[in-house]
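**Student:** Pasting a structure below so you can have a look.
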Amino acid sequence: YAAMPRDILLVIGNEIIEAPMAWRARFFEYRAYRPVIKEYFHQGAKWTTAPKPMMSDELYDQDYPIRTVEDRHKLAAQGKFVTTEFEPCFDAADFIRAGRDIFVQRSQVTNFMGIEWMRRHLAPDYRVHT
């Protein structure tokens, strides 16, 4: 990790959005990209940081069975993920833009609160689809 800007940074138009991240181990990854972000900001880019989660235990399903990748794939297909809806979280990599439409998936690191935060933040200029 710390080498995947696609997880942390989402560029929509002239705006750079820092994703809040869901994994505790990745909370400070944004710092590696701050010099570049500041450079773009000085050149006129809009810079937004999504709300950083507290990352308390309530954000995670403590009973989520993380045994194998296959288990996680089966649970994801059923709409069950390790992150809860306690507070917004998302990775930028779960979003893709097509014109004025943004497509996003619920995942282990992107919850519906995070999707709703993006929807409200980008409206009315962009439409967010799950």
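**Student:** Working only within region 53-100, note down all residues that are under 22 Å from Tyr30 (Cβ atoms), among the aliphatic types (A, V, I, L, M) and free of Cβ contacts under 8 Å to residues at least 60 places away in the same chain.
**Tutor:** Hits for region 53-100 are Met54, Met55, Leu59, Val82, Ile96.
**Student:** If you scan region 93-102, which residues turn out to be among the acidic types (Asp, Glu) and outside any helix (DSSP H, G or I)? Show your work before the answer.
**Tutor:** Of the residues in region 93-102, the ones among the acidic types (Asp, Glu) are 94, 101.
Result: Asp101, single match.
**Student:** Can I ask one more? Which members of region 109-130 meet the condition of being polar (S, T, N, Q) and surrounded by fewer than 19 Cβ atoms within 10 Å (Cβ to Cβ)? Please lay out each step first, then the result.
**Tutor:** Let us first name the residues in region 109-130 that are polar (S, T, N, Q), namely 110-111, 130.
Across region 109-130, the qualifying residue is only Thr130.
**Student:** Would you confirm whether any residue within region 82-92 is part of a loop (DSSP other than H, G, I, E, B), at pLDDT 95 or above and among the small types (Gly, Ala, Ser)?
**Tutor:** There is no residue in region 82-92 that is part of a loop (DSSP other than H, G, I, E, B), at pLDDT 95 or above and among the small types (Gly, Ala, Ser).
**Student:** I'd like the full set of residues that are surrounded by 13 or more Cβ atoms within 10 Å (Cβ to Cβ) and acidic (Asp, Glu), limited to region 59-105.
**Tutor:** Once the filter is applied, which keeps residues that are surrounded by 13 or more Cβ atoms within 10 Å (Cβ to Cβ) and acidic (Asp, Glu), region 59-105 yields Asp61, Glu85, Glu87, Asp91, Asp94.
**Student:** Condition (residue is within 24 Å of Tyr126 (Cα to Cα) and of a type outside the set (A, V, I, L, M, F, W, C)) applied to region 56-67: is it met by at least one residue? Before you say what the answer is, go through the steps one by one.
**Tutor:** Let us first name the residues in region 56-67 that are within 24 Å of Tyr126 (Cα to Cα), namely none.
There is no residue in region 56-67 that is within 24 Å of Tyr126 (Cα to Cα) and of a type outside the set (A, V, I, L, M, F, W, C).
The values are calculated or read from the model by the stated rules, or taken from the named source; none is laboratory data. All values reported here derive from a predicted model rather than from experimental measurement. Reconstructed Cβ throughout: ideal geometry from the backbone, glycine too, with neighbour counts over all protein chains shown.
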